[in-house]
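For reference, the structure discussed in these notes is given below.
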Amino acid sequence: MTNGNVRPPRVQLATGEPLTLEPVLARAGEGTVYGVAHRPELAAKVFHPELKGLQSKLDKVSAMIESPPPGRVQPNGFVVLTWPNALLLEGGRPIGFVMPRIDTATSVEIHTMSNPANRQDPLPGAPQWPRHATWGHLVNVAANLCLAVQTVHRVDAVIGDFQERNILVSDTTQVTLVDCDSMQFTSARGDQFLCGVARAEFTAPELAGRDLRTWLREKPSDLFALAVHIYQLLMAGNHPFMRGYWTGADQQPDALALARTASWAGGPGSPLLTHPLAPPITFLPDEIQLLFTMAFTEGARNPACRPTAHEWRDSLLRIAVTTCGRGLHQVPSTTASCPWCAIDDERLRRQRTVSGQQHTGPRPMVTPKPIRQTPLPDHGFGADPKLVLAGLITVVTIVLALAAFIIWAVLSGASTFGAG
């Protein structure tokens, strides 16, 4: 019996070709992923035999194999989707499938690119190339993510769980979507296989309160998540519905609640304003700003208004990138000022306010809660140590001078009174 810890002893493809599975590449909730000996272009996913709904999962994979999306592998061999290629059998019984294998040694999850702190300080064992990525590279990543979504939508499929861990970015800024067997898929015969999971911060507002295990999603729900990922890539990792300066009543609502009311950072009429340490939406080209408004404002009322992946890709590829006036950052050629310089200046101002001219360099991304800056007092534990020392020296000097004067006056008076 196959399980997550023991490789199947004898496996083969449905064509009869025998395969030898290499050591484990990854373990997940539904199954274990192996390499394939002498077939470096393949990976094999073996489902756990105790997996609930195993037969339905195998039926879904079989249907996906029959309807592969064109362009899932690029002409140069780059894998855009790890779409199931063929069933994997053990003793004539299906136990999983094979799919294209990607080079994880040179790939990172998309949050490593969108989050500046992750990009600038990769873990020691992780790829180090993200630290050299520029804003122009992030625009490329966004455009290539659109290509991956376009590819999925060429068939009757919805990504569904469109979250950061299912998106890998290569060192050429190309994008791969993984875990494709978890996507929602409708077969040529009309059989529907749903995606029952989602991350709230990437969930379209029309899905709020729905039981995703029974609810059929539409492709515009993917386009909402796509817009969120693009926003994070272009806007230094800031989430449009999580990080901003909240001006509404009471506490800031959660991301899904804000998405339902079209309240996004920098959006028209939104009570969630741009965070002081985030770039304003206005630094982007007008057509990109319009696409975000269509995705988050108009799309909250009518999901069909959201831009398609093709529309996003065309607009992103038209962005002309230049270097800011200080020669430090890349910005769109249409912007009048560099938002990154402004953020650096604001961080430096805050650090000087807090630590008295001590500058320690850019800080990691702060939490979504708005910061209310209060000047420190000129006394007490919050005062500048240099000013305190100078004050003490001044006071001691005055006291010593006063004491000397008093002694002189007493001595002078004593000798006067004693004469005559």
- Residues of region 283-297 with backbone N under 14 Å of the label point set 7 Å from the Cα of Thr334 along Cα→Cβ are 283-294
- Message: Need the full-extension length gain, Cys341 to Arg131, defined as separation in residues times 0.36 nm minus the C-alpha distance. One decimal, nm.
- Response: 73.8 nm
- Note on the structure: Ordered by fewest other Cβ atoms within 10 Å, a rough proxy for footprinting exposure, Asp181, Asp171 read Asp171, Asp181
- Looks like region 166-227, by Cα gyration tensor root eigenvalues a ≥ b ≥ c and the a/c under 1.5 rounded cutoff (else prolate when a/b is bigger than b/c, oblate otherwise), is oblate
- Be a star and scan region 94-125 for residues whose amide nitrogen sits under 18 Å from the point 7 Å along the Cα-to-Cβ vector of Glu41. 98-104
- If the cut-off is a Cα-Cα distance under 13 Å, which aspartates and glutamates reach Lys52, setting aside same-chain residues fewer than 8 apart in sequence? Glu30
- Message: Under the rule a/c < 1.5 gives rounded, and otherwise a/b versus b/c splits prolate from oblate, where does region 86-163 land using the Cα gyration tensor?
- Response: oblate
- Note on the structure: Within region 142-191, DSSP-loop trypsin sites (Lys or Arg not before Pro) with at most 16 other C-beta atoms within 10 Å are Arg154, Arg189
- Message: At 7 Å along Cα-to-Cβ for each site, give me the label-to-label distance between Leu317 and Thr15 in nm.
- Response: 3.3
- Once you sort the root eigenvalues of the Cα gyration tensor of region 218-260 as a ≥ b ≥ c, which label holds: rounded (a/c under 1.5), prolate (a/b larger than b/c) or oblate (the other case)? oblate
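Read-outs: derived from the displayed coordinates by stated rules, not from any lab. Just so we're clear, the structure is a prediction, and the values are computed from it rather than from any experiment. Don't worry about glycine lacking a Cβ; one is built from the backbone with ideal geometry, like all the others, and counts go over all protein chains shown.
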